[in-house]
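Some notes on the structure that comes next.
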Amino acid sequence: MSDKATLEVNGNKHEFPIVVGTENEVAIDVKTLRGVTGGVITIDAGYKNTGSCESAITFLDGEKGILRYRGYSIEELAEKADFLEVAYLLIFGELPTLGQLDKFHSDIKKHSVVDDDVKKILDAFPKSAHPMGVLSSLTSALTAFNPSSVNVDSEEDMYNSVVRILGKFPVLVAWTMRKKQGLPLYYGDSNLGYVENILKMMFKQPNEEQYIQNPILIDALDKLLILHADHEQNCSTSTVRIVGSSHAGLFASLSAGISALWGPLHGGANQAVLEMLEAIKEDGGDTKKYMAKAKDKTDPFRLMGFGHRVYKNFDPRARIIKKAADEVLGDLGVEDPILDIAKGLEQEALKDDYFVKRKLYPNVDFYSGIIYRAMGIPTDMFTVMFALGRLPGWIAQWREMRLRKEPIGRPRQLYIGETQRAFKTIEKR
Ligand code: SDX
């Protein structure tokens, strides 16, 4: 392949370098385009054909259904690693030694207390507040109590803000859920593992002497968090990177990412899937009606949990979660008709010409909510659980962007508004 691309504009030919990644992905570097063409830019709504950065964190191949974190396959990591190991791998680039993992966890535990005034902010929210809005606000509020986490130019300062948020975020997640449930806000137990500690903060009941850990829930949550941990330049990660590119600080960047994830086209889909499956159940399991709605261009309804910007094959995470859903519900002895409706819908869609032609397959959000529900997590908390899993990925991408000293993100536009016109003073009455 040539190492140059040629573009002809207004009869002039311009060459641009072709860059090739380690997985043989090819990009045309157009950073000189505007200068050499006297102002011509590219335009690509939704950035479907545009790369925002070079990154060494996550590789995915949408056609082959491949997902790897730092070169390790998602299948192996979900099977053999635990979430904190994967968080370390994503953020620092290598799997930790036992000593490194112990120090990482110990540093995180040192920061797993949240300033008491955060409870006052939490109390100010109405019970009806959506947990994603609460979590985004509390994450941004952490900056007020940890000002040293804003201007982080040194790797040491970055490390300190990273372990701070990894310590405090699970507390915010647990308290956000328990506040809505009217339950007391507990801290966890520093003798517990990272995921065990989260489960205890979320589920310990006031009348329980001690919270009894359920290995099925520990394994299920560990696996779900790993599967959600990173996904290259998706909408919320791109948001974290662009906010971070102004040097706004890690917590502010994460708060923006949480807001982007909230949308039903993105992380909010896992909640929307359960609401859709519930509606189908209420409708007597009439999946055909919802399939027809999804294909009706006059109907804004989409088959939630289906389709993906990158995967034009099965989302590898959906395969793993679907298998885990069977196992977890079986182990917990939970009979959930919703799972059968989901499987029926999947079977129908995979045979339907509309979906086949558009290569629409189940994505990570299609089955995850079924497990969260079996674990006793409320539906409006599903996207918060997605954020809990995505946290290390957002951190890794933010840190990579800062360490590579990426420029502030500032896209161009094509103006299509009014050309110059004279101001007319309105006739005074
Ligand atoms: C996540 O990017 C990531 O990596 C995200 C994520 C991550 O880990 O960070 O993987 C997590 O966000 C998963 C996606 C969760 N969202 C949903 O499940 C919502 C339902 N799916 C969609 O709305 C949609 O598929 C998107 C948003 C996921 C992708 O949309 P695109 O890439 O912009 O595709 P598109 O809207 O241009 O759709 C192409 C065609 C259109 O039809 P035509 O105009 O060609 O006739 O497919 C149709 C769409 O109408 N289509 C659907 C559909 N998804 C796409 N039709 C019905 N139901 C759907 N779900």
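The values are calculated or read from the model by the stated rules, or taken from the named source; none is laboratory data. Treat the numbers as computed from the prediction; the structure is a model and nothing was measured. Cβ: placed from backbone, ideal geometry, glycine included. Neighbour counts: every protein chain shown. The protein model used for the area step is the full one, side chains on, heavy atoms only, and it has no ligands, DNA or RNA in it. Shrake-Rupley method; radii C 1.70, N 1.55, O 1.52, S 1.80 Å.
Quick notes on this one:
- Which listed residue is closer than 15 Å to Val114 by Cα and either surrounded by fewer than 18 Cβ atoms within 10 Å (Cβ to Cβ) or of a type in the set (Val, Ile, Thr) (or both), from Asp219, Asp189: Asp189
- Among the residues of segment 367-378, some residue qualifies, meaning at least one is modelled with pLDDT under 95, of a type in the set (Phe, Trp, Tyr) and either more than 21 Å from Ile74 (Cα to Cα) or open to solvent by less than 70 Å² (accessible area, probe 1.4 Å) (or both).
- Note on segment 295-314: residues that are more than 10 Å from the ligand (Cβ to nearest atom) and at positive phi amount to 0.
- Answer from Leu329, Leu345 - the residue that is modelled with pLDDT of 90 or more, buried (at least 17 other Cβ atoms within 10 Å of the Cβ), over 17 Å from Tyr372 (Cβ atoms) and assigned by TED's automatic domain parsing to the domain that holds Ile370: Leu345
- Filter result (crowded, with 18+ Cβ neighbours inside 10 Å and in a loop (DSSP other than H, G, I, E, B)) within segment 283-301: none
For (1) within 16 Å of the ligand (Cβ to nearest atom); (2) touching a helix residue (DSSP H, G or I) at 6+ places or on another chain (Cβ under 7 Å); (3) farther than 28 Å from Cys53 by Cβ, each residue gets a yes or a no:
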residue: Leu166; (1), (2), (3): no, yes, no
residue: Tyr194; (1), (2), (3): no, yes, yes
residue: Leu199; (1), (2), (3): no, yes, yes
residue: Lys223; (1), (2), (3): yes, yes, yes
residue: Ser259; (1), (2), (3): yes, yes, no
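- Tabulated pairs, segment 404-429, first open to solvent by less than 100 Å² (accessible area, probe 1.4 Å), second of a type in the set (A, V, I, L, M), C-beta under 7 angstrom, 6+ apart or interchain: Gly409/Ile242
- Residue satisfying all of: in segment 8-36; over 30 Å from Ile57 (Cβ atoms) and not in a loop (DSSP other than H, G, I, E, B); most open to solvent (accessible area, probe 1.4 Å) among these: Lys13
- Scanning segment 379-403 for residues that are of a type in the set (Lys, Arg) and open to solvent by less than 10 Å² (accessible area, probe 1.4 Å) yields one hit, Arg390.
- Pairs with Cβ under 8 Å, 6+ apart, first in segment 223-236 and open to solvent by less than 10 Å² (accessible area, probe 1.4 Å), second assigned to a loop (DSSP other than H, G, I, E, B) and within 9 Å of the ligand (Cβ to nearest atom): Ser236/His266; Ser236/Gly267
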